[in-house]
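I have placed the structure first, in the form of structure tokens, so that the comments after it can refer back to it.
The values are calculated or read from the model by the stated rules, or taken from the named source; none is laboratory data. Remember, predicted model here, so these are calculated numbers, not experimental data. Positions of Cβ are generated from backbone atoms using ideal geometry, with glycine treated the same way; all protein chains shown enter the neighbour counts.
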Amino acid sequence: MTNRPNAETDSPEHRPAPGRDPDDVDDVDDPDVGPGVSTGDEVLYQTHPTVRPVLLLMALTLVGAVVVAAVLATNPDVVGGDDLATLLLGVVGTVTVLVLLKQLIKVFVIRRTTYTITASGLRREYELFYRQRVREIPVHQLRGHEYVQSRVQTLLGYGTIRMLTGGTNRSLGFVEFEHIDDPAGVREALQTVAGE
């Protein structure tokens, strides 16, 4: 007996997205995923944001704290004496640790974030400590997209793409793919999906 492909179950509409169980493939809308987006959609583009901007901010914070601590330790008279310099060293150290902890948490969240473009929807999702957050818009509601790249982003080689629907900024119909390494690839996938 030979195994021949089944046209009904082997078509792109029925192939599971990477990381999905093949038994979960379904060509009807899944209320947990979002309206208008099929769980069995073929993934056209999937990426994760880069952690470079966060690592850069962490490095700048650390360098700034070391410089301030060095000035205070070598010349306490700048701030009015040893007691005040010691107090300020404690404050600078505490603030530095808090900022670095916040940035480490942000790195963890970024590593758990996935941006996905399918034939029927655009999705940004992350899972953190058994809590999942998904923001998704169906392709038929896509009105346009905006590509943003600051000078720092240009130097470091990443960008941000905002997908807009009929809603306003940060409304339910607003999805942003932040800090992506390949903004040109995302734009190409968006143009393919939108039929441009």
Kindly list, by first and then second residue, each pair from a residue in region 161-176 that is of a type in the set (S, T, N, Q) and loosely packed, with under 15 Cβ neighbours inside 10 Å to a residue that is assigned to a loop (DSSP other than H, G, I, E, B) and at pLDDT 60 or above, limited to pairs with Cβ atoms under 8 Å and residues at least 6 apart or on different chains.
T168/F174; S171/T165
Could you check region 51-139 for strands (runs of 3 or more DSSP E) lying wholly inside it with 3 or more residues that are more than 26 Å from V152 (Cα to Cα) and in the same structural domain as H179 (by TED's automatic domain parsing)?
121-128, 131-138
Restricting region 117-149 to residues that are polar (S, T, N, Q) and over 15 Å from T50 (Cα atoms), the one surrounded by the fewest Cβ atoms within 10 Å (Cβ to Cβ) turns out to be Q132
Can you pull out the residues in region 130-154 that are over 17 Å from the mean Cα position of the chain (by Cα), within 20 Å of V107 (Cα to Cα) and free of Cβ contacts under 8 Å to residues at least 40 places away in the same chain?
Y130
Enumerate the pairs (first residue in region 88-100 and closer than 16 Å to M58 by Cβ; second residue anywhere and among the hydroxyl-bearing types (S, T, Y) and assigned to a helix (DSSP H, G or I)) with beta-carbon separation below 7 Å, excluding pairs fewer than 6 apart on the same chain, so at least 6 apart or on different chains.
T96/T61; V99/T61; L100/T61
